[in-house]
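Structure first, then comments.
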Amino acid sequence: MAVATEQQILDGLAEIIDEIVGIDKSEVTPDKNFIDDLDIDSLSMVEIAVAAQDRFGVEIPDDELRNLKSVQDVINFVQKLQS
Amino acid sequence: MTGLRIPEATAGARILAFGDYRPARIVTNDELSRTVDTNDEWIRTRVGIQERRIAGDDEGIVELGVHAGGKALANSGLDPSDIDLVILATCSAESPMPGHAPQVAHRLGIDAPGAFDLNAACAGFCYALGTAGAAVRAGSARNVLVIGSEKMSQWIDWTDRSTSIIFADGAGAAVVTGSDTAGIGPVVWGSAGEDYDKIIIDDRHSFIRQEGQAVFRWATTAIAPVALEACERAGITPDDLAAIVPHQANLRIINAIARKVKAANAVVADDIVHSGNTSGASIPLALSRMIERGDVPSGAPALLVGFGAGLSYAAQVIQIP
């Protein structure tokens, strides 16, 4: 799989979040914190991680998931593993 | 000698009727929040449960099973004497010995049937139904009473908010008989014993504990493919389904599985809202309610999929009786 750009990861993540928890794509910006800003709980984060795994072809285990607090964290994590 | 006599086989097996039993006592989220640090909104959003049924002190696996089994038997129109095999799925018995199926059979007036307990935890009913269908088709039994009976409350630490809000008590049952066509599709079953400790009662002095997040991930990823395979093996597509009846583990798991199965015309069972997670009893409890409410027409295909401790899982498509 080709390495995705930051914008592609952001767009993909926004689509996933829209589908799973129904938050509008425009709300999902890099500075947002999942729990505090987007009100996404830990179980939804698991679902988002699984969907992100399928989409971006990287594994996001539960241990790592705990450290991914913001949208930017996920973008960085996916880029790091893809490269 | 060329081998022993081959028994007379039957082409298919089908479900004649369901029956259920819900204990009288309703425990609301508000009641739980008085004893553990939780609240109604948290429980509803995390697991989707509003209330659950808890059995009385005098109601054990046998009593619960007798109520549900008796109702299924009555709904089937068969006599107790027509039943020659009783399979009782449970993972929450107060004692491992003796098995509970013989007592349930005796209490229902079923004379000397084959009778045994089966433990595949929350997948127990689907395992039992698959076994019953196979027994009928192979000529090992004519009519089978399949029961899922659970008293999870006796294995709950009522101060543990991660489990006490989830599990509950109840029983559901089905009567399986032979038929010329298949009303019970092929069972797709499997296990992941490497994850045996994800949902576990460690010993007789312990309570149920589970790794919620790991189980959630497993259930929302590994189970939908099993369900889809059951459809394929039954010769139908998800769009043919009138109902999806996943084990009532957690409403969010149920919805995640349903989303992945993509059955455009199916009602999704949500009995968990009022019944909690009753492990091996949850699928027949949910189906009974759907049939009673008229949510699913007779003859329509419904997908059953059980999954839980073991880890064990099983799925099959049935025709609604």
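Here, each number is a calculation from the coordinates, and none is a lab measurement. No experiment lies behind these values; they were computed from the predicted model shown. Here the Cβ is made from the backbone with ideal geometry for all residues, glycine too, and neighbour counts use every protein chain on show.
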Longest segment of chain B with no trypsin sites (Lys or Arg not before Pro) in a DSSP loop having at most 10 other Cβ atoms within 10 Å?
-> B:35-203
Angle in degrees between helix A:71-82 and the longest Cα principal axis of chain A, rounded to the nearest 10 = 20 degrees
Straight-line reach from A:K80: which aspartates and glutamates have a Cα under 20 Å away, not including same-chain ones fewer than 8 places off?
-> A:E6, A:D11, A:D31, A:D54, A:E59, A:D62, A:D63, A:E64
Sparse-neighbourhood loop sites, GluC sites (Glu not before Pro) in the stretch B:1-48 - DSSP loop, at most 13 other Cβ within 10 angstrom | B:E8
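State the Kirkwood hydrodynamic radius of the stretch B:197-303 in Å, one decimal place, computed from all pairs of distinct Cα atoms. Each step should come with its number before you reach the end.
Working: mean 1/r = 0.0677 Å⁻¹.
It works out to 14.8 Å.
Considering all projection directions equally, how large on average is the shadow of the alpha-carbon convex hull of chain B, in square nanometres?
Values: hull surface 67.2 nm².
About 16.8 nm², averaged over all directions.
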Alpha-carbon Debye profile of the stretch B:1-74, log10 I(q)/I(0) at 0.12, 0.23 Å⁻¹ | -0.60, -1.01
Place a point 7 Å from the Cα of A:R66 in the direction of its beta carbon; the residues of the stretch A:33-60 whose amide N falls under 15 Å from it are A:42-43, A:46
Angle in degrees between helix B:124-137 and the longest Cα principal axis of chain B, rounded to the nearest 10 = 0 degrees
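Looking at the stretch A:1-66, which trypsin sites (Lys or Arg not before Pro) are DSSP coil and have at most 12 other C-beta atoms within 10 Å of their C-beta?
Working: sites: A:K25, A:K32, A:R55, A:R66; in loops: A:K32, A:R66.
When the trypsin sites (Lys or Arg not before Pro) of the stretch A:1-66 are filtered for loop state and at most 12 Cβ neighbours within 10 Å, A:R66 remain.
Quick one: order B:C122, B:C91 by neighbouring beta-carbon count within 10 Å, fewest to most.
Numbers: B:C122 32, B:C91 25.
Fewest-to-most ranking of B:C122, B:C91: B:C91, B:C122.
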Separation of the B:E229 and B:S95 label points, Cα + 7 Å toward Cβ, nm = 3.9 nm
Chymotrypsin sites (Phe, Trp or Tyr not before Pro), restricted to the stretch B:134-191: which are DSSP loop and have at most 15 other Cβ atoms within 10 Å?
-> B:W158
Taking Rh as the Kirkwood radius computed over C-alpha pairs, what is the Stokes-Einstein D of chain A at 20 °C in a medium of viscosity 1.002 mPa s, expressed in µm² per second?
-> 172 µm²/s
Set Lys and Arg Cβ to +1 and Asp and Glu Cβ to -1, take the dipole of the protein assembly as shown about its Cα centre, and tell me which of B:L73, B:V27, B:V305 lies farthest positive.
-> B:L73
Counting only DSSP beta bridges with both partners in chain B, the antiparallel fraction in percent, to the nearest 5, comes to 70 percent
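Evaluate E = 1/(1 + (r/R0)^6) for B:S162 and A:Q7, where r is the Cβ-Cβ distance and R0 equals 41 Å; express this FRET efficiency to the nearest 0.05.
On the way: r = 39 Å, r/R0 = 0.95.
Computed FRET efficiency for B:S162 and A:Q7: 0.55.
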